[in-house]
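First comes the structure, then the notes that go with it.
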Amino acid sequence: MSCTQCKTGKKTAFFTVALLFFGILFFRVIFFEAHAIAKEPAPAPLAVMAETTVNFPPVIAGKEVAHCFTVKNAGPANLDILNVYTG
C-alpha cells in the first residue's frame, strides 16, 4: 500500500467513525429528548389557604393561644401534610 492509499484509508475511517458518532447523537436527541419533552407533568397537589399568618394580641406569659388554619387541596393529587412549623 502506498502512502497516498494509507492516508486516504485513514481519512475514510475517521469520517466513517465521525458519521456514526453524530448519527447516534442525532438519533438520541431527536428520539429520547423529544419524547421526554412531550410527556405531560405528573399530577401534583396544590395547597390553598385563605390566610397564612395570624398576629395575636399581647398575651400574659404562659397563657396559650390557638388559631385554626383551613387548608384546601386544589390539585388533582393527594395532599399530604407531613410537618407543621410555628415561628
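Values quoted throughout were computed directly from the atomic coordinates according to the rules given, and no laboratory measurement underlies them. Everything numeric in this text was worked out from a predicted model, so none of it was measured. With ideal geometry, Cβ positions are generated from the backbone for all residues, glycine too; neighbour counts draw on all protein chains shown.
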TODO: Quick one: what are the phi-derived ³J(HN,Hα) couplings along segment 16-24, Karplus 6.51/-1.76/1.60 with θ = phi - 60°, whole Hz, x for glycine and proline?
DONE: 5, 5, 4, 5, 4, 4, 5, x, 5
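Tell me, what is the FRET efficiency for Ala66 and Ala44 to the nearest 0.05, using R0 = 41 angstrom and their Cβ-Cβ distance as r?
E between Ala66 and Ala44, to the nearest 0.05, is 0.85.
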Task: Label-to-label distance, nm, for residues given as Phe27 and Ala77 (7 Å Cα→Cβ offset) - done: 3.4
Task: Calculated from backbone phi, Karplus (6.51, -1.76, 1.60) coupling profile of segment 40-53 in Hz, x at Gly/Pro - done: 7, x, 5, x, 9, x, 9, 7, 10, 10, 5, 9, 10, 9
